[in-house]
Amino acid sequence: QWRAYADDGRGFSIGFNANSLRYMPVSILHVEYEREVQIREMMAALLAVYINCEGNPESNQFQFFEDCVLLGSYMVAFKHHAFKEEKE
């Protein structure tokens, strides 16, 4: 992977101490490669957003926006099964 993204290895790589990430404002996600699991997880998340905003959508606009942003940020953990060997 390094050769593909770094001009055949001539680029730069930045490493992080995994323990330090716990103190940073980041989310550590498990990458999911299986499409069926991705679909199940996305359906459950969409249902949760719907239930959270059901009843009085006008008063929940900010919450809906936050839920959608969070949902979008978690979608980066869904990758095509062809990349499974990367074990991200």
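Points worth noting:
- Note on the stretch 4-88: with charges restricted to the Cβ of Lys and Arg (+1) and Asp and Glu (-1), its dipole about the Cα centre is near 240 debye.
- Counting heavy atoms of the protein chains alone, residue 66 has an accessible area of about 80 Å² for a 1.4 Å probe.
- Across the stretch 15-30, coupling constants 3J(HN,Hα) worked out from phi with the 6.51/-1.76/1.60 Karplus curve, θ = phi - 60°, read x, 10, 6, 4, 5, 5, 4, 4, 9, 9, x, 10, 10, 8, 10, 7 Hz, and Gly and Pro carry x.
- Difference of contour (0.36 nm per residue) and Cα-Cα distance, residue 66 to residue 52: 3.9 nm
- Carbon and sulfur %, accessible surface of the chain computed with the full protein complex present, 1.4 Å: 59 percent
- A cut-off of 5 Å between modelled amide H atoms, ignoring neighbours fewer than 5 places along the same chain, links residue 32 with 78, 79.
- Estimated FRET transfer efficiency (residue 42, residue 13; beta-carbon r; R0 41 Å; 0.05): 0.85
- On Cα atoms only, tilt of 35-53 relative to the major axis of the chain in degrees: 40 degrees
- Where labels lie 7 Å past Cα in the beta-carbon direction, separation of residue 76 and residue 23 in nm: 2.2 nm
- Rounded to 10°, Cα long-axis angle of helix 61-74 versus longest principal axis of the chain: 30 degrees
- D (Stokes-Einstein, µm²/s), Kirkwood Cα radius, the chain, 1.567 mPa s at 4 °C: 81 µm²/s
The values are calculated or read from the model by the stated rules, or taken from the named source; none is laboratory data. Because the structure is a prediction, the values reported are computed rather than measured. Positions of Cβ are generated from backbone atoms using ideal geometry, with glycine treated the same way; all protein chains shown enter the neighbour counts. Note: areas computed on protein heavy atoms with side chains; ligands, DNA, RNA excluded. Shrake-Rupley method; radii C 1.70, N 1.55, O 1.52, S 1.80 Å.
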